[in-house]
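Take a look at the structure set out below.
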Amino acid sequence: MLISDRMLLKVIVLGDSGVGKTSLMNQYVYTRFNKQYKATIGADFVTKELHIDDKPVTLQQIWDTAGQERFHSLGVAFYRGADCCVLVYDVNIQKTFETLQTWHEEFLKQADPSEPERFPFVLLGNKVDINGGTSRAVSEKTAREWCALKGNIPYFETSAKENYNVEEAFLCVAKTALANE
Ligand code: GDP
Ligand code: MG
C-alpha cells in the first residue's frame with residue numbers, strides 16, 4: 001500500500017509458540033529484550049520506519065500473534081494483505097523446525113496470494129546464543145536445504161537475546177516485501 005510517498009508494508013511473523021517471535025519483534029523495533037511477555041488478547045502490531053535505497057518505507061504492521069498460534073486459529077484477517085511472511089523456529093528444538101512446513105502451507109492457504117510460488121518468505125533460526133550453540137538440534141545446513149526447496153527463501157540465524165542478526169534479518173524482510181509490491 002502507498003500512502004503519500006511512503007510504502008506501507010505488512011509483515012507477519014509466524015512460528016510455534018515460544019520460538020521468540022515477540023522477542024525478535026521487540027528487539028528490532030525497541031532494541032530491547034525482556035525475559036517474559038504478557039500474552040495479550042488478539043494480535044499485536046508495531047511499526048518501524050526505515051529507508052531502503054533512500055526510499056522511506058514503513059513496516060507498518062509487523063503482526064505478531066498473542067499465543068493463538070498454539071491453536072493454529074489465527075483467522076483470515078490476520079493473513080490478508082501480507083507483503084512478506086517471516087517464519088521463525090528455535091534452532092534448539094527440532095519440532096519447531098518440522099512445524100515450519102505447516103506454517104508455510106497455512107500461510108499460503110489463508111493469505112491466498114496471487115502467485116504463491118513467488119510470495120516472499122524469510123526464515124529465521126532463532127536462539128543461536130543458547131549454550132553457545134552446543135545444544136543445537138537443527139543445523140544451518142538442514143535449514144538452508146529446506147529454504148532451497150521452498151524456492152530459495154532467505155535464511156538468517158538470529159538471537160533476539162543478544163541482538164544478533166536481527167537488524168539484518170528485518171532489513172532483508174523489508175527489501176523482500178518491497179520487491180513484491
Ligand atoms: P513467541 O511465543 O514466539 O512470541 O516467543 P517469545 O518471544 O515470547 O519468547 C519465548 C521465550 O524465549 C521467552 O522467555 C524469551 O525470553 C525467550 N527467547 C526469545 N528469543 C530468545 C533468544 O534469542 N535467545 C534466548 N536465549 N532466549 C530467547
Ligand atoms: Mg509471542
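If you check Glu117 against the conditions, is it in contact with a Gly (Cβ under 9 Å, 6 or more places away or on another chain) and either open to solvent by less than 30 Å² (accessible area, probe 1.4 Å) or assigned to a helix (DSSP H, G or I) (or both)? Here the answer is yes, as Glu117 does meet what is asked. Selection of first residues in the stretch 113-135 that are closer than 24 Å to Lys175 by Cβ and within 16 Å of ligand 2 (Cβ to nearest atom) and of second residues that are open to solvent by less than 40 Å² (accessible area, probe 1.4 Å) and in a helix (DSSP H, G or I), restricted to Cβ pairs under 6 Å at least 6 apart or on distinct chains, gives the following pairs, ordered by first then second residue: Leu124/Ala169.
Scanning the stretch 141-177 for residues that are in a helix (DSSP H, G or I), of a type outside the set (A, V, I, L, M), more than 26 Å from Asn34 (Cβ to Cβ) and open to solvent by 50 Å² or more (accessible area, probe 1.4 Å) yields Lys141, Thr142, Arg144, Glu145, Lys175. Looking at the structure I just gave you, is Ile52 among the hydrophobic types (A, V, I, L, M, F, W, C), modelled with pLDDT of 85 or more and touching a Cys at 6+ places or on another chain (Cβ under 9 Å)? Spelling it out, it is not the case that Ile52 is among the hydrophobic types (A, V, I, L, M, F, W, C), modelled with pLDDT of 85 or more and touching a Cys at 6+ places or on another chain (Cβ under 9 Å). Please work out if Val138 is of a type outside the set (Phe, Trp, Tyr), open to solvent by 60 Å² or more (accessible area, probe 1.4 Å) and free of Cβ contacts under 8 Å to residues at least 60 places away in the same chain. Spelling it out, it is not the case that Val138 is of a type outside the set (Phe, Trp, Tyr), open to solvent by 60 Å² or more (accessible area, probe 1.4 Å) and free of Cβ contacts under 8 Å to residues at least 60 places away in the same chain. Taken together, the residues in the stretch 27-47 that are modelled with pLDDT under 85 and either of a type in the set (Gly, Ala, Ser) or open to solvent by less than 80 Å² (accessible area, probe 1.4 Å) (or both) amount to 10. Taking the criterion of being within 7 Å of ligand 1 (Cβ to nearest atom) and not in a helix (DSSP H, G or I), the residues of the stretch 17-32 that qualify are Ser17, Gly18, Val19, Gly20.
The values are calculated or read from the model by the stated rules, or taken from the named source; none is laboratory data. These numbers were taken from a predicted model, which means no experiment stands behind them. Here the Cβ is made from the backbone with ideal geometry for all residues, glycine too, and neighbour counts use every protein chain on show. Calculation scope for accessible area: heavy atoms of the full protein, side chains included, ligands and nucleic acids excluded. Shrake-Rupley method; radii C 1.70, N 1.55, O 1.52, S 1.80 Å.
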